[in-house]
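This report concerns only the one structure given below.
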Amino acid sequence: MLCRPCERGLGLTHGPEADRDVQSVRHVIIDYLEGLPTEHRPQLYPSLQPISSGDVTSLLNHKESGYTAIIFESETSYVGREVILDLMQFENMVVRRALDSDKALLEKLGVVSVPACYLIYPNASHRLITIVKPLRSVFSSYLKSLQGVRKKPGAHSALPESLPKEDKEQEVVLKDYDK
């Protein structure tokens, strides 16, 4: 049983027509998150909406305390949104996405194909990152490996920090069972 979007949010689809690959499930979850009303989103939830060409230009001329990565992609691509979610628990890194609709801006920045990652450094210098395989995992790994990018304190991990301790004072009483 895997998920597929429907008119009422997340619908469940059973049977042979159900999507079974992980990427389809990730896309359904992203679609669901994007469809949530603003008041139902967590407080520190990152924006998955694309930024405008003007916003990109503004970011290029503004000095930040950390890195800013801009993922240029097509309108139907999920790579940028996936990378944004991958890095939301990391500090000194902000990831935004921009669409490939402004050809003049893409040409100015040297972006010849999408998806592509354009990185703005803390000192306000910027450049196109050359990545052989423009995949979500490659973009995310590269951005996490940059100097100063680290997991935020208190960010949730997939594994618990410690297992709950058993209470040794409680004694389990077993009753005899009569066949």
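On the beta carbon distance between Tyr121 and Lys144, with R0 = 22 Å, the FRET formula returns roughly 0.90. The protection proxy used here, the mean number of other Cβ atoms lying within 10 Å of each residue, ranks peptides 129-141, 70-82 as follows, highest first: 70-82, 129-141.
Take the cross-link list Lys103/Lys151; Lys63/Lys144; Lys103/Lys133 and give me the ones stretching past 24 Å between alpha-carbons. Where the Cα-Cα span goes over 24 Å, the pairs concerned are Lys103/Lys151.
Per-residue extension of 0.36 nm, minus the Cα-Cα distance of Val22 and Asp176, leaves a gain of 50.7 nm for this segment. Each Lys and Arg contributes +1 and each Asp and Glu -1, all at the Cβ; summed about the Cα centre of segment 46-147, the dipole is approximately 200 debye. In terms of its Cα atoms, segment 46-147 spans 31, 27, 26 Å along the principal axes, sorted from long to short. Give the shape of segment 35-104 as rounded, prolate or oblate, defined through the alpha-carbon gyration tensor: a ≥ b ≥ c are the square roots of its eigenvalues, a/c under 1.5 means rounded, and otherwise the shape is prolate if a/b is larger than b/c and oblate if not. The shape class here is oblate. Within straight-line reach of Lys175, meaning a Cα separation under 30 Å, sit the following lysines at least 8 residues removed in sequence or on another chain: Lys165.
Each value in this text was obtained by applying a stated rule to the coordinates, not by laboratory testing. All values reported here derive from a predicted model rather than from experimental measurement. Neighbour counts are summed over all protein chains in view; Cβ atoms, including those assigned to glycine, are modelled from backbone coordinates with ideal geometry.
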